[in-house]
Amino acid sequence: MKTQLSIAFIMIGILGALAQGPPITADKPIMLGAKSFTTKTLMEFRNTERGSFSYIPLMLHYLPTANSLVAVHLPYIGYDIDGGASGSGLADIKILGKYQFLRKDATGKTFRLVAKTVQTLPTGEELDLMELSTGIYQGYYGIVAGYETLKYGISNEVGYNWMPDGTLDEFRYKLGFGLPLLKPQYPNKQINLYFEYTNSWLTERDWYMLLYAQGIQYARKNVTFDLSVQVPLVNDVPDERQFRYSLFLGTRYTF
């Protein structure tokens, strides 16, 4: 665990983020200008009845146009399964694509819709870990909707994760609220609170979880730091697999 934490804080020191970036555990359809790059990470330290897991991805995002995005996520994972194996290594690599097909702007507010896909490659250990490491191909397809004003932001995401050779098919719905604590200013300086909900229904296993994440974000110019704690509100899964909590640490830098 010490090794994973050391890697995590080293990455926080060298990465950064776009000010007023996306929600912490959710997503939003706001995109920057064409030809921009973002280097980011969102590290998750997950604790469950099954064991503890450290997930540290390096994410590279690129906008070919003002309404499209492609990305690759290269993740490291450390795991300690109670009564089972422990180790570390490469997790499942993810290829992300987004296309913004609707944008409605008005004074001080905007509404946008984005089509999103995540193709998960079976490069990780077969740990049967949702969104982290399964060693089985997965394809996620969804829609992200967002409404943002100078006073608050609302994000919604609905989608389906398809695993043709496994049993982790998942219907997913996320709802997030963002609340800036400081008035808009230039150069950008902001503290944002995030209130985020994740509904996860594993259709083949008939498992259901409703998770709540409370997060805070500090944005300064083009650097953002994220901190969030996620806990279960509904945990309708077998006792030995129940979710306890996750701690998220993130940062991003856009250039």
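Key figures
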{"item": "Selection status of A91, more than 20 Å from E157 (Cα to Cα), of a type in the set (A, V, I, L, M, F, W, C), exposed (fewer than 14 other Cβ atoms within 10 Å of the Cβ) and out of contact with any helix residue (DSSP H, G or I) (no Cβ under 6 Å at 6 or more places or on another chain)", "result": "no"}
{"item": "Scan of segment 172-192 for residues that are more than 16 Å from the chain's Cα centre (by Cα) and part of a strand (DSSP E or B), ordered by number", "result": "L179, P180, K189, Q190, I191, N192"}
{"item": "Close pairs from segment 126-137: first within 19 Å of F243 (Cα to Cα), partner open to solvent by 50 Å² or more (accessible area, probe 1.4 Å) and acidic (D, E), Cβ under 7 Å, at least 6 apart", "result": "S133/E125; T134/E126"}
{"item": "Which numbered condition T123 fails, given (1) within 23 Å of M163 (Cβ to Cβ); (2) free of Cβ contacts under 8 Å to residues at least 40 places away in the same chain; (3) in a strand (DSSP E or B); (4) not aromatic (F, W, Y)", "result": "(3)"}
{"item": "From E148, E126, residue being open to solvent by 50 Å² or more (accessible area, probe 1.4 Å) and either touching a Gly at 6+ places or on another chain (Cβ under 6 Å) or of a type in the set (S, T, N, Q) (or both)", "result": "E126"}
{"item": "Residue within segment 107-123 that is in contact with a Phe, Trp or Tyr (Cβ under 6 Å, 6 or more places away or on another chain) and β-branched (V, I, T) present", "result": "yes"}
{"item": "Test for G51: is it open to solvent by 30 Å² or more (accessible area, probe 1.4 Å) and among the small types (G, A, S)", "result": "no"}
{"item": "Pairs, first of a type in the set (S, T, Y) in segment 178-189, second open to solvent by 90 Å² or more (accessible area, probe 1.4 Å) and part of a loop (DSSP other than H, G, I, E, B), C-beta under 6 Å, six or more apart", "result": "none"}
{"item": "Hits in segment 130-151 (condition: modelled with pLDDT of 95 or more and either within 30 Å of N188 (Cα to Cα) or part of a strand (DSSP E or B) (or both))", "result": "S133, Q138, G139, Y140, Y141, G142, I143, V144, A145"}
{"item": "Only listed residue being among the aliphatic types (A, V, I, L, M), open to solvent by less than 80 Å² (accessible area, probe 1.4 Å) and in contact with a Pro (Cβ under 8 Å, 6 or more places away or on another chain), chosen from M209, M163", "result": "M209"}
{"item": "Of the criteria (1) modelled with pLDDT of 95 or more; (2) among the polar types (S, T, N, Q); (3) closer than 14 Å to I24 by Cα, which one Q242 fails", "result": "(3)"}
{"item": "Meets criteria (of a type outside the set (S, T, Y) and either under 30 Å from P238 (Cα atoms) or assigned to a loop (DSSP other than H, G, I, E, B) (or both)) for P22", "result": "yes"}
{"item": "Filter result (open to solvent by less than 50 Å² (accessible area, probe 1.4 Å) and of a type in the set (S, T, Y)) within segment 166-186", "result": "none"}
{"item": "Positions within segment 229-248 being basic (K, R) and open to solvent by less than 60 Å² (accessible area, probe 1.4 Å), in sequence order", "result": "none"}
{"item": "Strands (runs of 3 or more DSSP E) completely within segment 205-255 that count 2 or more residues being over 21 Å from S54 (Cα atoms) and among the aromatic types (F, W, Y)", "result": "207-220"}
{"item": "Flag for K189 being open to solvent by less than 50 Å² (accessible area, probe 1.4 Å) and of a type in the set (D, E, K, R)", "result": "no"}
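The values are calculated or read from the model by the stated rules, or taken from the named source; none is laboratory data. Everything quoted here is computed from the prediction, not taken from an experiment. Cβ: placed from backbone, ideal geometry, glycine included. Neighbour counts: every protein chain shown. Areas reflect the complete protein model, heavy atoms only, side chains present, ligands, DNA and RNA absent. Shrake-Rupley method; radii C 1.70, N 1.55, O 1.52, S 1.80 Å.
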